[in-house]
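The values are calculated or read from the model by the stated rules, or taken from the named source; none is laboratory data. In this text, all values refer to a predicted model and were calculated from it rather than measured experimentally. Note that we place each Cβ from the backbone using ideal geometry, even for glycine, and neighbour counts take in every protein chain shown. Heads up: the accessible areas ignore ligands, DNA and RNA and are worked out on the full protein's heavy atoms, side chains in. Shrake-Rupley method; radii C 1.70, N 1.55, O 1.52, S 1.80 Å.
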Amino acid sequence: MKAPQNILFLIALSMLSPGVFATPDDTARIHVGLCGQSPPNELEVARRIHSFQQSAGGAAATHEYFQAVGPIARLSSFKSSGGDVIRLEGRIDASTPEALIRRIRETPEIKFIEVNSFGGDAVAAMRVAHILETSQLSLRIAGFCMSACANYLLPAAREVSLINATIGFHGSPWACFQQSSLIDGVMQWGLSGYLTLWRVARLDEEYMSKYPRLKEIIIRSQHPDRGAKDGKPRDWLLVRPEDLSRYGIRLQASTNSATFDRLAAAPSDGLLGPVFVP
């Protein structure tokens, strides 16, 4: 818990910064992995992709990876035997919640939201999760569900089905705020950025209080070693598909885990970089 004087100081500062607790807009976005390791450079990413593509089935998984890391989520609709499906692919941004609401209204037989995403903006992802929850839609993970996707969408769904899914965590805004001192935070992000982190951290804490078992593993994944307790820095904590139910996720079915199996088999050097698999 932050020292009381720090909280009082932030409250005082917020009074000098009108709108700091207003509804988030496009000018201030907080991503889940804000306190994580520095992202790999383009050369390192290219090396990982090239190496992964050499393995059997690696090309198909790499294609899903490129779609999942797209800077703006793309929505499309298709029919399946169980009902209409809306597919969300790419990173969730400020425009995603309203776009999803419109798409749902245009798809009267909608039964599933299918996702392949590396996360994105925390507040926007919480809003997407609220849409999932209030619409009572089922969630399919077909590809990747990382960062904000794993933190918020997974627990909100009425039920979850996995189709060759990879689930990854690397902390949360609240865990990030808790591990950052006031001075370090202001120096790293500036006053406005740190106040925004504080505000989003409070929203995140309120949201995750409903899912204590999932919150526990998310907090573990905030550490540089992603909860391995060996001090070796890693990019992600990956959860085995069959273990999701242990964290309170309403898992209905899981088919195929080829991509996850390849990543878990080479935890120190795969497509996602170093990972920890509990």
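A few comments on the model shown:
- When GLY58 is tested against (1) closer than 21 Å to ILE113 by Cβ; (2) in contact with a helix residue (DSSP H, G or I) (Cβ under 9 Å, 6 or more places away or on another chain); (3) crowded, with 17+ Cβ neighbours inside 10 Å, just one condition goes unmet, and that condition is (1).
- Test for PHE78: is it assigned to a helix (DSSP H, G or I), of a type in the set (A, V, I, L, M, F, W, C) and open to solvent by 30 Å² or more (accessible area, probe 1.4 Å): no
- Conditions (1) more than 26 Å from ASP225 (Cα to Cα); (2) among the basic types (Lys, Arg); (3) touching a strand residue (DSSP E or B) at 6+ places or on another chain (Cβ under 9 Å): number failed by ARG105: (3)
- Taken over region 260-278, the residue count meeting the criterion of being more than 13 Å from TRP236 (Cβ to Cβ) and among the hydroxyl-bearing types (Ser, Thr, Tyr) is 0.
- Some residue of region 102-115 being closer than 25 Å to VAL200 by Cβ, under 15 Å from the mean Cα position of the chain (by Cα), crowded, with 19+ Cβ neighbours inside 10 Å and modelled with pLDDT of 95 or more: yes
- Listed by position, the strands (runs of 3 or more DSSP E) contained in region 154-264 that have at least 2 residues being open to solvent by less than 10 Å² (accessible area, probe 1.4 Å) and touching a strand residue (DSSP E or B) at 6+ places or on another chain (Cβ under 8 Å) are 160-169, 236-239.
- Which listed residue, of THR166, THR134, is over 19 Å from SER245 (Cβ atoms), of a type in the set (Ser, Thr, Tyr) and over 10 Å from the mean Cα position of the chain (by Cα): THR134
- Test result for LEU139, without any contact (Cβ under 8 Å) to a residue 60 or more places away in the chain and open to solvent by less than 10 Å² (accessible area, probe 1.4 Å): yes
- Residue check: TRP236 meets all listed conditions (1) in contact with a His (Cβ under 9 Å, 6 or more places away or on another chain); (2) free of Cβ contacts under 8 Å to residues at least 60 places away in the same chain; (3) not charged (D, E, K, R) but one, namely (2).
- Matching residues, region 90-100, being open to solvent by 30 Å² or more (accessible area, probe 1.4 Å) and within 17 Å of the chain's Cα centre (by Cα): ARG91, ASP93, ALA94, SER95
- For region 86-95, the condition of being without any contact (Cβ under 8 Å) to a residue 60 or more places away in the chain, charged (D, E, K, R) and closer than 30 Å to TRP198 by Cβ holds for at least one residue.
- The lone criterion from (1) farther than 21 Å from LEU153 by Cα; (2) modelled with pLDDT of 85 or more; (3) assigned to a loop (DSSP other than H, G, I, E, B); (4) among the aliphatic types (A, V, I, L, M) left unmet by ALA56 is number (2).
- Failed item, numbered, when PRO267 is tested on (1) open to solvent by less than 70 Å² (accessible area, probe 1.4 Å); (2) in a helix (DSSP H, G or I); (3) out of contact with any helix residue (DSSP H, G or I) (no Cβ under 8 Å at 6 or more places or on another chain): (2)
- Subset of region 44-68 that is among the polar types (S, T, N, Q) and within 22 Å of the chain's Cα centre (by Cα) - its residue that is farthest from GLY90 (Cα to Cα): THR62
- Look at region 265-278: where a residue is within 15 Å of ARG240 (Cβ to Cβ) and a partner is in a loop (DSSP other than H, G, I, E, B) and among the small types (Gly, Ala, Ser), sitting 6+ places away or on another chain with Cβ atoms under 8 Å, you get PHE276/GLY227; PHE276/ALA228; PRO278/GLY227.
- Evaluated against (1) modelled with pLDDT of 95 or more; (2) out of contact with any Lys or Arg (no Cβ under 9 Å at 6 or more places or on another chain), THR96 falls short on exactly one condition, (2).
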